[in-house]
Amino acid sequence: MNSAERLNSLWICGDPEKHPELQKIPVSWFCADNGENPRMAVFRKTFELDKLPADAVLECSGTTKFRLFINGQFVTDGPVEPGGDYADKSAPDWWFADRIPVGKFLQAKRNVIVVEMITHPEDMTNYSTGVCAWSCILLADGETVLTSGTDWKFFINPNYLDRLYTCHSRFRENYHCSSFADSSWENAVGLPAEKSRAWTLSFLDLPQLEDCEVLPSEVVVPFAEHAAMISGADILTAPDGSNAMIIRPGIPVTFYLRFPRMLTANAEFEVEAHDGAHIYIEPQECPEFSGMIRREAAHHELRNGRMVYRQTNLEGFRFLKVSVICSTYRADPRNFLPLKIYSIKAQERCFPLGKAAKFESSDPGLSLIRQACDYSLRNCILRQMIDSPVHLEGGGIQLDYQVIAHSCYAMYGDLRPGKAELFRTANYLTMTEGFQFHTSYSLYYIKMAEEYLQYSGDFDTIKAIYPAIRMILERFHGYTGETGLISEAPNYMFIDWIQSGDVSYHHPPAARGMGFFTALYSLALECAEKFAEMIMPQDAELFRTRRAAAAAAFESLWRAEKGCYCEGIIGLSKTPKSLRLPPDGTEEFFSPQVNFMALAAGIVPKERISGLLDKLFNGKWEFQMNLLLHGIIYDALDRCRAFAQYGFATFDIFRRAVAENPYGIKEAWQGGDYCHAGSSSPVWAIAEFILGVRPCGPGFSRVKIAPCPGDLSFFEGEVPTPSGNIEVVWRDGTFDYTLPSGMEYVIDSEYQINIHYKESK
């Protein structure tokens, strides 16, 4: 029995007869309205260690969201996210376990492990198997010293009422303390084996998130009458544990905490209060603005005494709006007492990405764009990529994943988040036979796999996920209509966050989507053909044939009188109309989206490219492509070798976004969240086009050198590779490249290029 199989045999839960609701919990955010109240189920175990081990690892998993504490210290949260899809209500048939180094949390003699499990999803990244259970094995110097079993204690914490409401007076004792007496708690029971057979458990080895404490940089009290009720507000910017901000009884008081930058964090507070006092904490990206989703404040009903509490829900914010009521109508007015706040801080959760690769230039605006992208990437790369820390959509967003992973390679040289998403998504696509809610996104998955191979050289991963890639392409072949266009898809989700009259490009009519999808399908076939040549050569010929057919069909959309491609053929699709597939309308439409995608896919005849590019950049369109879609523009310019002519102009929209908010990149120029890593394509555009460094063989087995300085008089920077950083300097009309020892290169440039090698270590 391997480690995962052993762990899968050790699940414990609350007694199903006493807690039947814990045997049927929501599996995703989208089925959280099943009528059951949210619960915090607590598993607790005390144990003795004769001596501290040199190496201690906890192998563990929970079947729903959990927080792990050892000896009162927060260790991590989990489980490792399985991934899923938007609007999905089906339990995954796979699940992940974790290996957590825990030596620094242990002590000689008595120890206590506490696991708090949340039975309802608090955001879209939270999934469950449908039951609430815990499993673990503690290894000390390679020997098993503790496993989950019926000697663990179980309890429902009545304080947790849901993710936005905690009443701290319902249970006042500290069960995190090793001296707490849990003899009155129930014993856990083993989870029936038929339950755990519903999923396959495996380890997804990712590093633990780092927990970084961030203090507010400023306290702002906007109203004079509130300021009169407060003393010592500035204490919160540098708490020492002895002094406190004091709020006197009277009118409710509101103030804001400004943090140095955008954060993905759990808010934590330490207060001294009395029964009947309340504190509300509302996360905001900007004061009174939280992007496309208005988030409610977390409400804490406090209890007598001093307490520290770390909120369970992960949030994205730069500001916290804090409102305090010293008492309510239920309290005895004779007990109206001041409320003391010792600290309100952010416990930031960070993937260990390391330092960003260096870049400086004579245009400081490029560095500001790159810095904003860096902020967004760090906020959106956890152990699962998310679209934004505000929206927290964590499944089925392969366009975002593709851009985020590509930027992660170019900015940090970190391949781990991208690799994890490839496996996560492959699991989901295998379960659904290649179907995703956002129909187009699975095609971006294939592009993401091709970029991963180029940067990593990890062909084993491509072989492992190849069946999922094949499923996607077979599904899209089934959407091909009689003309060869992708005319029979069930819908055309997602092309862009654009509204044209009464047409949304999030779910446009078939006649507005089939051209874009056909070009994207062609691009995916080209990527898959490269994989097939090494894995299944007969597939390579099939993909070539289908790509040629898609390109030929796409030609029917060319309109010479317009000098561009239309979006589709009205009335061609025979697929029944629905909420996500509205009627075609009566007029042909032309957009930059379909034309840029055609260029990116390489299906535009050479004689048309120059005129089409001129029309795209200098013509008049009803709308332009969003920040999220700019990766397609860069792919098009790369294919057409036209970045030098048009590429620098693409940064203008990002300059405007950074002027609006320098602490993250927006999702869309017309709205959306202010911190959206799917809009970070300038990161790899700078690396691959301006610095001119890109892989032209898997894993940078060869590097292509093709710099494009534009009007820049100077720049220097680094591009990470698996063999080490490539260093670039442009000064006085000369390029100097310093490569890792022995790296092969090809130069494609009209500039003078000097090549140096670093000494082998």
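The values are calculated or read from the model by the stated rules, or taken from the named source; none is laboratory data. Values in this document were obtained by computation on a predicted structure and should not be read as measured data. All Cβ positions, glycine included, derive from the backbone under ideal geometry; neighbour counts span all protein chains shown. Note: accessible area is taken over every heavy atom of the protein model, side chains too, but ligands, DNA and RNA are not part of it. Shrake-Rupley method; radii C 1.70, N 1.55, O 1.52, S 1.80 Å.
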Pairs please, first residue from segment 216-229 and without any contact (Cβ under 8 Å) to a residue 24 or more places away in the chain, second anywhere and surrounded by 13 or more Cβ atoms within 10 Å (Cβ to Cβ), Cβ atoms under 9 Å, 6+ apart in sequence or on different chains. Ala227/Val221; Ala227/Ala233; Ala227/Val253; Ala227/Phe255; Ala228/Arg248; Ala228/Gly250
Every residue from segment 78-97 that is in contact (Cβ under 8 Å) with a residue 24 or more places away in the chain, crowded, with 23+ Cβ neighbours inside 10 Å and not in a loop (DSSP other than H, G, I, E, B): Trp95, Phe96, Ala97
Only listed residue being open to solvent by less than 50 Å² (accessible area, probe 1.4 Å) and part of a loop (DSSP other than H, G, I, E, B), chosen from Ser169, Ser202, Ser184, Ser179: Ser169
Which pairs turn up if I take residues in segment 381-400 that are farther than 23 Å from Thr430 by Cα and look for partners that are small (Gly, Ala, Ser) and open to solvent by 10 Å² or more (accessible area, probe 1.4 Å) with beta carbon separation below 6 Å, at least 6 apart in sequence or on another chain? Val390/Gly291
The condition from (1) open to solvent by less than 10 Å² (accessible area, probe 1.4 Å); (2) small (Gly, Ala, Ser); (3) under 29 Å from Arg318 (Cβ atoms) that Gly413 misses is numbered (1)
Within segment 581-596, can you find the residues that are surrounded by fewer than 22 Cβ atoms within 10 Å (Cβ to Cβ), among the hydroxyl-bearing types (Ser, Thr, Tyr) and modelled with pLDDT of 95 or more? none
State which residue pairs qualify: first residue farther than 11 Å from Lys321 by Cα and inside segment 242-260, second residue surrounded by 18 or more Cβ atoms within 10 Å (Cβ to Cβ) and of a type in the set (S, T, N, Q) in any location, beta carbons under 7 Å apart, and separation of 6 or more residues or different chains. Pro249/Ser327
Index of the failed condition, Glu759 passing every other in (1) loosely packed, with under 13 Cβ neighbours inside 10 Å; (2) in a strand (DSSP E or B): (2)
Checking the structure you have, find out if any residue of segment 726-734 is in a loop (DSSP other than H, G, I, E, B), closer than 17 Å to Ala410 by Cα and touching a residue at least 12 places away in the same chain (Cβ under 8 Å). no
Any residue in segment 448-461 that's closer than 16 Å to Ile404 by Cβ and open to solvent by 10 Å² or more (accessible area, probe 1.4 Å): show its pairings with residues that are part of a loop (DSSP other than H, G, I, E, B) and modelled with pLDDT of 95 or more at Cβ separation under 6 Å, as long as the two are six or more apart or on different chains. Ser456/Leu415
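This table checks each residue for (1) modelled with pLDDT of 95 or more; (2) under 30 Å from Pro709 (Cβ atoms); (3) polar (S, T, N, Q).
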site: Thr328; (1), (2), (3): no, no, yes
site: Arg334; (1), (2), (3): no, no, no
site: Ala357; (1), (2), (3): yes, yes, no
site: Asp363; (1), (2), (3): yes, yes, no
site: Leu377; (1), (2), (3): yes, yes, no
site: His391; (1), (2), (3): no, no, no
site: Gly413; (1), (2), (3): yes, yes, no
site: Thr425; (1), (2), (3): yes, no, yes
Identify all residues within segment 124-159 that are assigned to a strand (DSSP E or B) and either open to solvent by 10 Å² or more (accessible area, probe 1.4 Å) or touching a helix residue (DSSP H, G or I) at 6+ places or on another chain (Cβ under 7 Å) (or both); write none if there are none. Ser135, Ile137, Leu139, Ala140, Glu143, Thr144, Val145, Leu146, Thr147, Lys153, Phe155, Ile156
